[in-house]
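The values are calculated or read from the model by the stated rules, or taken from the named source; none is laboratory data. Fair warning: this is a prediction, and the values are worked out from it, not measured in the lab. Positions of Cβ are generated from backbone atoms using ideal geometry, with glycine treated the same way; all protein chains shown enter the neighbour counts. Note: areas computed on protein heavy atoms with side chains; ligands, DNA, RNA excluded. Shrake-Rupley method; radii C 1.70, N 1.55, O 1.52, S 1.80 Å.
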2 protein chains.
Amino acid sequence: MIRNTAIALLCLGCGFGSAALAQDDLMAAAQKKFQPIPMTPPDLPGNAATPAKVELGKMLYFDPRLSASHAISCSSCHNIGLGGADAEPTSIGHRWQHGGRNAPTVLNAVFNTAQFWDGRAKDLEQQAGGPMVNPVEMASPKAHVAEQLNGIPGYRDAFAKAFPDVPDPITLANAQKAIAVFEATLITPNAPFDRFLRGDANALSAQQKAGLALFMHKGCANCHNGINVGGGMYAPFGVVEKPGAELLPPNDKGRFMVTHTASDEYVFKVPTLRNIALTAPYFHTGKAWDLRQAVAVMGNVQLGAKLTDDEVGKITAFLGSLTGEQPRVTYPILPPSVGSTPRPEP
Amino acid sequence: MIRNTAIALLCLGCGFGSAALAQDDLMAAAQKKFQPIPMTPPDLPGNAATPAKVELGKMLYFDPRLSASHAISCSSCHNIGLGGADAEPTSIGHRWQHGGRNAPTVLNAVFNTAQFWDGRAKDLEQQAGGPMVNPVEMASPKAHVAEQLNGIPGYRDAFAKAFPDVPDPITLANAQKAIAVFEATLITPNAPFDRFLRGDANALSAQQKAGLALFMHKGCANCHNGINVGGGMYAPFGVVEKPGAELLPPNDKGRFMVTHTASDEYVFKVPTLRNIALTAPYFHTGKAWDLRQAVAVMGNVQLGAKLTDDEVGKITAFLGSLTGEQPRVTYPILPPSVGSTPRPEP
């Protein structure tokens, strides 16, 4: 599951971790391992982003009437003001039920290889269909989503503009498409690390550079790499040593529940570390509240590396360089309910 | 409680309701009874609105970490995208408890004579202290609010900028002040009715003008008047005839619970009708889902007037002219939690 070629390359090639590390070598090595967040949102295959579709997607993202209670929206758990996540171990959903896993950030999610901690959705469009109809999250009956939207007159016009050549555009599938194109705009370019990757050697502090060197040398970057510094592959939680039951409860077998393959037990999607300083608590259980603690745990259980406090501090400083420019989103004005609009579950 | 001078004036002076009503007379009469929403937010006495304070107030307004669960913010129930209210009969609060009364809109609330349905807060600043610490709403222990904010490093800077001459600015009282100045920006000027009041005879349709004439002639405007077309006085619900228990449950005695004066039994603040077409369901119980139904009920129980369908339609059309320009709010990026930040109630 984990590719070790990168470790070998790094360890043989560059002498990371030594005081003599040349700055140019660090940048060149980082540029091989990571890519900057682009300055503009990527295109979604088969789902062109028109202004009308992005605007509709934004409305849907913020509309709590997509939930059975009319109290929970995508934004409730993927709060753009809180790094695209919530500040909960696991999110509070319908009738105060708690979700099974920590809400992943929506920011830059478009760059992940798949969605959800277990990768059960291949892309944002598929993902968007999950929480609306999940009984512990927004809890709308599946057939009700389109019924609800059809009952709000303003959405008829908004869907018609977003899907101009479709006779009956208000469908759950089209709502998912619109939400996906909006979510694809939620990228956070121009983090210090991005500027470093683009050649600005001064974008990172000396401590952050030392942290980056450690991040690559110790092996963190074997899983946390690419554009999202993660999000590109799956890995077992506890490669070297299983974490305790609080961090890895035995009843959540992760990707195994999707693939039913024994080697996928306790395997999860490697999460992005983009904006990680904004999205405590950490891990799929949301049980680690301190980023330093999370770094130390990962060193132990994934790498078998007992990191020193100094090393943890440097890596944590590097992670701080992954905070990019947060999205500027104008709060959408939603089309009003009318007397005939379906009402919330009592 | 209700002043009847206005009825007399209208009935004696103008011959409203007759087909021969002169347009200039309607405008002149309306200008005596109502005032337009100003184009810029009003000043709050003793609470100057600086850009830093408004920005802090916006952050606090959207920050769910002010609740015990870290899941509920001011914005949860006073959603700027939903006319400043939620779409619930009564809001869903801490541990899925339901609030006692329908959430009033935050939009233009600055122009109300007092806040809450029973007027128990004299202004926005006092009101803002309520829901945060109300056990069925956000449920923060009172002393915890400042503790929580102190535990989020970015707020130290934000409060220092908003309250520059104060040694320890992070207090619940200052949070209330900041929220109040932000809320005072949430006004909706330039509704068709505002343009009419400013002299544009074409701003209302013929049906809306007929509805306005009825609104004044039938007596609605005796309570729903002034800048907020309501929000300026108290009145018993059921002046002429008590509504049924669903609309007026006997256990909620309204302003009596504040004043303990017998004449205040079942008395409530007259709600603003600004943006009323956006904020179903209606009444303090939130049990009327259709604006036409609400108009008909009010005719019956407040005025003893059995309005015809045509009259209800015209008044409802007039109420649609009270929808103003909705606030354009950029979603705030909140200061992140750190390892030592107080955590949500489990």
task: Using a Gaussian network model of chain B whose springs link C-alpha atoms within less than 10 Å, name the residue from B:Gly46, B:Gly238, B:Gly304 with the highest mean-square fluctuation.
output: B:Gly46
query: In A, who owns the beta-carbon nearest the axis carrying A over to B, and how many Å from it?
result: A:Trp96, 2
query: Got the relative contact order for the range B:51-185 handy, in percent, Cα pairs under 8 Å and 6 or more residues apart?
result: 32
field: Taking the range A:247-346 and dividing mean pair separation by its residue count, relative contact order in percent (alpha carbons under 8 Å, at least six apart)
entry: 22
- prompt: Label A:Glu325 and B:Thr308 with points 7 Å out from Cα along Cα→Cβ: what is the distance between them in nm?
  reply: 6.1
message: For chain A, set up a GNM with springs between Cα atoms under 10 Å and report which of A:Thr272, A:Thr171, A:Thr323 has the largest fluctuation.
response: A:Thr171
- request: Please give the residues of the range B:61-93, grouped as numeric ranges, whose backbone N is less than 18 Å from a label point set 7 Å along the Cα-to-Cβ vector of B:Met257.
  value: B:89-93
task: Take the alpha carbon atoms of the range A:164-226, find their center, do the same for the range B:181-204, and report the distance between the two centers in whole angstrom.
output: 42
query: What gaps in nm, shortest first, separate A:Glu345 from its twins in the other copies when you place the label 7 Å past Cα toward the beta carbon?
result: 2.3
message: Roughly how large is the B-A contact in terms of buried accessible area, totalled over both chains, probe 1.4 Å, nearest 100 Å²?
response: 3200
query: Accessible area per residue, 1.4 Å probe, Å², for the range A:51-185: what's the number?
result: 32
- prompt: Based on the Cβ-Cβ distance from B:Gln126 to B:Lys32, what FRET efficiency comes out when R0 is 41 Å, to the nearest 0.05?
  reply: 0.85
- prompt: What accessible area per residue comes out for the range A:227-346, rounded to a whole number of Å², with a 1.4 Å probe?
  reply: 40
message: I'm a student and want to see the number: the projected area of the Cα convex hull of the range B:143-293, averaged over all directions, in nm².
response: 13.6
message: At a 10 angstrom cut-off on C-beta neighbours, averaged per residue, how do the peptides B:38-45, B:328-335 rank from highest to lowest?
response: B:328-335, B:38-45
Shortest-first nm distances, B:Pro38 label point to equivalent points in other copies (7 Å, Cα→Cβ): 4.8
message: Checking buried surface per residue: for the range A:58-85, which residues lose a minimum of 20 Å² accessible area in the protein assembly relative to the chain alone (1.4 Å probe)?
response: A:Pro64, A:Arg65, A:Ser69, A:His70, A:Ala71, A:Asn79, A:Ile80, A:Gly81, A:Leu82
field: Relative contact order of chain A, defined on C-alpha pairs under 8 angstrom at six or more residues apart (%)
entry: 25
query: Of all the accessible heavy-atom surface of the protein assembly as shown, with the other protein chains kept in place and a 1.4 Å probe, what percent is carbon and sulfur?
result: 56
message: Using the basic label-point model (7 angstrom from Cα toward the beta carbon), what is the A:Asn300 to B:Asn190 distance in nanometres?
response: 5.9
- request: Could you list, in their original order, any pairs among A:Lys32/A:Lys287; A:Lys53/B:Lys58; B:Lys177/B:Lys287; A:Lys218/A:Lys306 whose Cα atoms are separated by more than 22 Å?
  value: A:Lys32/A:Lys287; A:Lys53/B:Lys58; B:Lys177/B:Lys287
message: Report for the protein assembly as shown the percent antiparallel among DSSP-assigned beta bridges with both residues inside it, nearest 5.
response: 80
- request: Any chance you could check the range A:325-346 for residues losing 20 Å² or more of accessible area when the partner protein chains are in, compared with the chain on its own (1.4 Å probe)?
  value: A:Gln326, A:Arg328, A:Val329, A:Thr330, A:Tyr331, A:Ile333, A:Leu334, A:Pro336, A:Ser337, A:Gly339, A:Arg343, A:Pro344
query: In nm, what does the list of distances from B:Gly154 to its counterparts in the other copies look like, shortest first, when each label sits 7 Å along Cα to Cβ?
result: 2.8
